[in-house]
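For reference, the structure I am asking about is given below.
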Amino acid sequence: MTVGPAFDGALFKQVAIVVDDLDQAVRQWSDILSVGPWTAYRYDETILRDMLYRGAPCTFSIRHALAWHGDVQFELVQPLNGPSIFRDYYEAGMGAIHHLGKYVDDHDAAVTEVLNRGFEPLQSARGFGADGDGAFAYFRPPGIDVIIELISAPATRRTPEFTY
């Protein structure tokens, strides 16, 4: 199979965990596991656009925090409002790793590639960067019980809600 922009040899860089209290989780990961510093953001319909959940337009909100530990980015995600794969995961009583993230240069081409390869679209949105750029989309690959996120990083991040 020809490999396109979604799987061109770049490594998965992000491991994400769903939490019920972002502030507490950040403190624990920092104080107990020495992962940090953490930078936290809140995203909702005032920031995100083109929001989809399982193929249907929606609005949702989350808080999340990012921290690098070596070459791996950790993400802690707290679902707030609206339908989301994060809320689904939390309400199902699931724990530990929620998804693996991969940064891509051409988000639209990478999304097209995974859809053509039979990946199930779960959730997506655009606009989390300071200039309205940045995009993310989540998929379930056929036959593999994992969620994959394709991330187009913004040129400039918004002002964080907090840094710890």
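Laboratory data are not the source of any read-out in this text; all were calculated from the coordinates shown. Just so you know, these numbers come straight off a predicted model, no measurement behind them. Positions of Cβ are generated from backbone atoms using ideal geometry, with glycine treated the same way; all protein chains shown enter the neighbour counts.
List, in order, the whole-Hz ³J(HN,Hα) value for each residue of segment 145-153 obtained from phi through the Karplus relation with A = 6.51, B = -1.76, C = 1.60 and θ = phi - 60°; use x for Gly and Pro.
Values per residue, Gly and Pro as x: 8, 8, 9, 10, 10, 9, 10, 10, 5 Hz.
Still on this structure, please answer the following. Within a 10 angstrom radius of the beta carbon, how do Asp8, Asp23 rank from fewest other beta carbons to most?
Values: Asp8 13, Asp23 17.
Ordered by Cβ neighbours within 10 Å, fewest first: Asp8, Asp23.
Counting other C-beta atoms within 10 Å, which of Leu48, Leu100 has the fewest, and how do the rest follow? Before the final figure, lay out the partial values.
Numbers: Leu48 21, Leu100 14.
Going from sparsest to densest Cβ surroundings: Leu100, Leu48.
Give the order of Val26, Val111, Val146 when sorted by the count of other beta carbons within 10 angstrom, beginning with the fewest.
Numbers: Val26 25, Val111 21, Val146 11.
Starting with the residue having the fewest Cβ neighbours, the order is Val146, Val111, Val26.
Could you tell me how far the Cα centroid of segment 92-164 sits from the Cα centroid of segment 1-76, in Å?
8 Å
Which value at 222 nm does the chain reach when only helices count, each DSSP H run of 4 or more adding -39,500 (n - 2.57), with the total divided by all residues and rounded to the nearest 500 deg cm²/dmol?
Working: 3 runs with 29 residues, N = 164.
Result for the chain: -5000 deg cm²/dmol, rounded to the nearest 500.
Computed FRET efficiency, Cβ-Cβ of Phe162 and Leu115, R0 30 Å: what is it to the nearest 0.05? Walk me through the numbers before you get to the answer.
Numbers: r = 36 Å, r/R0 = 1.20.
The pair Phe162/Leu115 has a calculated efficiency of 0.25.
While we're on this one: What angle do you read, to the nearest 10 degrees and between 0 and 90, between the alpha-carbon axis of helix 107-116 and the longest principal axis of the chain?
Compared with the principal axis, the helix lies near 60 degrees.
Please check the chain for the longest run free of GluC sites (Glu not before Pro) that are loop-located per DSSP (anything but H, G, I, E, B) and have at most 16 other Cβ atoms within 10 Å. The partial results should precede the final answer.
Values: sites that count: Glu45, Glu161.
Excluding the exposed sites themselves, the longest stretch runs over 46-160.
What is the distance, in nm, between label points placed 7 Å from the Cα along the Cα-to-Cβ direction at Ala153 and at Ser30?
About 2.1 nm separates the two model spin labels.
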